[in-house]
Amino acid sequence: MQVSIEDRRIYNGLWPSARNPLSWRTMIFASNLFLLYFLPVFLAVYLATPQKLRNYVALLGSLVFYAWGAPKFVFVLIGLAFADYWVALQIGKRDKNAGKWLAFAVVYNLGTLLYFKYANFFVENTNVFLKGIGVEAIGWTQVALPLGISFFTFQQLSYLIDVRRGEKPPLKNPFDYLLLVLMFPHLIAGPILRYRDMADQLLDRKANENISYRLEGMIRFAVGLGRKVLIADTLSGQVNKIFALPHAQLDFLLCWIGAIGFAFVVYHDFAGYSDMAIGLARMMGFRFPENFKTPFRSASITELWRRWHITLGEWMRNYLYIPLGGNREAKPWRTYLNLWIVFFAVGFWHGAGWTFILFGIWHGTWVVLERMFLLSRLEKLPKALTIPWTFFLFVLGCVFFKAPNVGTAWAFFKEMFKFQIAKTPWEDLNLFLGNKFWFMMAIAAVFSFLAAIPAIGKWQDKGFSLPEKGWQTVSLSVIALILLVLSISEIATMGFRPFIYYMF
């Protein structure tokens, strides 16, 4: 299968395509195939199975889920998982060779990730350089990108490093380990699970096997589904139109609408996925870590990254930033360099493209500036100023994330800061985007910033836990049912629209 950068960007734009690495057969949470067939059957079998055998049912269901749309790549994942399981047993012996085994595993895991995700990028850029000096280009059959390879690789490395650090002994049962790394709620797009947090749950989760916990999971899943289908997917189609326009047709108003719209899309799409993954896990008796904690109420970019894609941030902190020296270095410049390296890695992790690298550099630069002097000044200002400022910086970063190339990103920035009256008449703009778009933009804004109200933010930080009063639980359940019905109805009309982070 040949996959180009343009194919991946079509994926990023949520456009289905015949050239897309994602198959129309790929099973996603926001599909009637999953909602009406796979999930009910899986849960019925899972809950009817004795507790001591449920791990095997969960593993079988996870393999079916992944293999449905990527039957060849599932063997790649299984092979890597068995290799890491065996290596972890060697590391667990804690002899003089433990460090060598870990180094070996890091090399082949990262090597696999580099091959599948970045080989095309390196070859394409090498060919651009060779062409510039008059040398013949390298022949290359482009490599297809396995679903969720970045999340899978980081999950594997977390397990191996935690075993090496002695935080938990390696799992004895290979099928328990396969479940840890292949469990379908998190397999494709996280959250990235730390082994030390999941080890005991893999062996015993009776405390979470109750109706209340499963009801919490169902409500959380319905909320995430609504965020994905009703908000993110509704906005994404029109945002894609804006980013697909020729540069000559862009103007001040269109560019800002597109950038703000995409900020809402990527938030509700990915946070919606995380809600659904956490909800599915709770239905199975697992507790996954939170991945988003209302990031748009942040008063700085530093705070935003404590609330946005939390498990990736913690992974980078524990396995890259701290090993680099963290903030323990005596010289401040070394701490700033460590932060900048981490965010460069965050950008590169997100995708094989210069715009993703610039996305990481953009955020890393602001985090460093805040560490140097800006944060102390922001803390003295009211949040009515610092929250919009942080969102403004995030929106600008979203242009890098969404734009198909650096040229398009630059064209957007030029128009966004020309401060000229829009070339597009309001009537034409309204016709181009539609009333439904404006309505959902308002809904997205409300649900993005509502958590700035302390009481609501506190409840969301608790992970939508059930309230103590029965009537409130009933109300939440009714809302969840309504969201589920509306989402299924919308899915039937909109076709295949994968989660943005499936490309990673």
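The values are calculated or read from the model by the stated rules, or taken from the named source; none is laboratory data. Worth saying up front: this structure is predicted, and the values here are computed from it rather than measured. Please note: Cβ atoms are built from the backbone with ideal geometry, for glycine as well, and neighbour counts cover all protein chains shown. Heads up: the accessible areas ignore ligands, DNA and RNA and are worked out on the full protein's heavy atoms, side chains in. Shrake-Rupley method; radii C 1.70, N 1.55, O 1.52, S 1.80 Å.
For G92, the criteria (1) within 24 Å of the chain's Cα centre (by Cα); (2) surrounded by 16 or more Cβ atoms within 10 Å (Cβ to Cβ) hold in every case but one, which is (1). Regarding L358, is this residue in contact (Cβ under 8 Å) with a residue 24 or more places away in the chain and open to solvent by 10 Å² or more (accessible area, probe 1.4 Å)? Here the answer is yes, as L358 does meet what is asked. Selection within the range 160-170: residues that are open to solvent by less than 10 Å² (accessible area, probe 1.4 Å) and touching a residue at least 40 places away in the same chain (Cβ under 8 Å). The member of this set that is farthest from F75 (Cα to Cα) is V163. Restricted to helices (runs of 4 or more DSSP H) entirely inside the range 42-157, those with at least 3 residues that are farther than 17 Å from I188 by Cα and among the polar types (S, T, N, Q) are 119-132.
For the range 142-159, what are the residues that are surrounded by 21 or more Cβ atoms within 10 Å (Cβ to Cβ) and more than 22 Å from the chain's Cα centre (by Cα)? The answer is none; no residue qualifies. When A222 is tested against the conditions (1) farther than 30 Å from Q420 by Cα; (2) surrounded by fewer than 21 Cβ atoms within 10 Å (Cβ to Cβ), the lone failure is (2).
The single condition from (1) modelled with pLDDT under 90; (2) among the small types (G, A, S); (3) on the phi < 0 side of the Ramachandran plot that A409 fails is (1). Filtered by the rule that a residue be surrounded by 16 or more Cβ atoms within 10 Å (Cβ to Cβ) and either under 19 Å from the mean Cα position of the chain (by Cα) or among the small types (G, A, S) (or both), the range 361-382 gives I361, W362, H363, G364. Take the conditions (1) open to solvent by less than 60 Å² (accessible area, probe 1.4 Å); (2) under 24 Å from the mean Cα position of the chain (by Cα); (3) among the β-branched types (V, I, T); V406 misses just one of them, which is (1). Looking at (1) surrounded by 18 or more Cβ atoms within 10 Å (Cβ to Cβ); (2) assigned to a helix (DSSP H, G or I); (3) of a type outside the set (A, V, I, L, M), find the lone condition where D200 falls short. All conditions pass for D200, except number (1).
Yes/no per residue for (1) within 15 Å of A403 (Cβ to Cβ); (2) modelled with pLDDT under 95:
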{"site": "N327", "(1), (2)": "no, yes"}
{"site": "T335", "(1), (2)": "no, yes"}
{"site": "G351", "(1), (2)": "yes, yes"}
{"site": "F359", "(1), (2)": "yes, no"}
{"site": "G364", "(1), (2)": "no, no"}
{"site": "V367", "(1), (2)": "no, no"}
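With the requirement that a residue be within 21 Å of L145 (Cα to Cα) and not in a helix (DSSP H, G or I), what does the range 339-392 give you? Listed by number, the residues that qualify are G351, A352, G353. Each residue in the range 118-162 was checked for being farther than 22 Å from I310 by Cα and of a type outside the set (K, R), and 28 pass. Condition test on V446, is it modelled with pLDDT of 85 or more and loosely packed, with under 14 Cβ neighbours inside 10 Å? Criteria met by V446. Scoring F264 on the criteria (1) farther than 26 Å from I161 by Cβ; (2) at pLDDT 90 or above; (3) surrounded by fewer than 21 Cβ atoms within 10 Å (Cβ to Cβ); (4) aromatic (F, W, Y) leaves a single failure, condition (3). Could you check, for the range 203-211, whether at least one of its residues is open to solvent by less than 30 Å² (accessible area, probe 1.4 Å) and not in a helix (DSSP H, G or I)? The answer is yes; a qualifying residue exists. Taking first residues from the range 32-47 that are at positive phi and partners that are at pLDDT 95 or above and open to solvent by 60 Å² or more (accessible area, probe 1.4 Å), no Cβ contact under 6 Å between residues at least 6 apart in sequence or on separate chains turns up. The set of residues in the range 158-180 being touching a Leu at 6+ places or on another chain (Cβ under 8 Å) and part of a helix (DSSP H, G or I) consists of S158, Y159, L160, I161, R164, F175, D176, Y177, L178, L179, L180. Out of curiosity, is A259 free of Cβ contacts under 8 Å to residues at least 60 places away in the same chain, out of contact with any strand residue (DSSP E or B) (no Cβ under 8 Å at 6 or more places or on another chain), closer than 30 Å to L225 by Cβ and surrounded by 23 or more Cβ atoms within 10 Å (Cβ to Cβ)? No, not satisfied. For the condition over 21 Å from F413 (Cβ atoms) and acidic (D, E), D275 qualifies. For G139, the requirement of being at negative phi, of a type outside the set (F, W, Y) and surrounded by fewer than 12 Cβ atoms within 10 Å (Cβ to Cβ) is met. I'd like to know if the range 453-471 contains one or more residues that are modelled with pLDDT of 90 or more and either more than 17 Å from G226 (Cα to Cα) or surrounded by 13 or more Cβ atoms within 10 Å (Cβ to Cβ) (or both). No: zero hits.
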